[in-house]
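Any read-out appearing in this document is the output of simple, stated calculations on the displayed coordinates, not a laboratory observation. Note that the coordinates shown come from a computational prediction; the quantities given were computed from them, not determined experimentally.
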Amino acid sequence: ERPMKLTIPEAELPNAELLGKRRLEKFAAKVQQQLESSDLDQYRALLSQIQPVAEGEELDMETLAAALLKMAQGERSLIVPPDAPMRPKREFRDRDDRFERRGDRNDRGPRGDRPERGGEDRPRRERRDAGEMELYRIEVGRDDGVEVRHIVGAIANEGDISSRYIGNIKLFGSHS
């Protein structure tokens with residue numbers, strides 16, 4: 001807000017019901033697209049071959065379709081678990097009664113010695129090769145209060161990709 005000199009309105013996050021509804025709509029649209037554009041005769045033949053038999057009885061097609069639907073949903077479940085109850089929003093400087101509970105600094109026991117860390121850094125973890133990467137430049141950097149995790153989160157969310165497919169991000173003052 002400060003660099004842009006604009007007030008960004010606070011937005012409500014979608015709840016579990018809305019997320020589930022949207023995912024189901026997108027999935028149903030994909031199914032409809034397949035129904036309209038694909039030759040399904042080959043798959044009907046496969047379906048008759050893989051229809052499982054439960055203790056000598058044929059399984060009804062609705063149950064089989066439900067199992068296939070569960071398999072086809074991918075990483076994002078079509079059934080979103082309900083939201084955890086939201087805590088009431090607190091004001092910025094609202095510290096409850098923590099100050100009163102804490103007591104005076106002199107009321108506490110002595111501070112123990114901290115263990116020596118030893119100046120050695122652990123070796124950097126090897127990156128898995130995710131293939132050839134493209135280089136992009138964005139016009140926000142450290143001066144804008146941005147951190148690498150913010151950039152990774154924005155790219156992953158907006159691009160709908162896993163963060164493991166995002167390479168190293170170099171953060172400079174005015175750009176990244």
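The convex hull defined by the C-alpha atoms of region 135-176 has an orientation-averaged projected area of 2.7 nm².
Note down the relative contact order for region 135-176 as a percent, whole number, built from C-alpha pairs under 8 angstrom at least six residues apart. Don't jump to the answer; show the numbers that get you there.
Details: 40 pairs, mean separation 25.9, N = 42.
Once divided by the residue count of region 135-176, the mean separation gives 62 percent.
Counting only Cα atoms, the size of region 16-72 along its three principal axes is 41, 28, 13 Å, in decreasing order.
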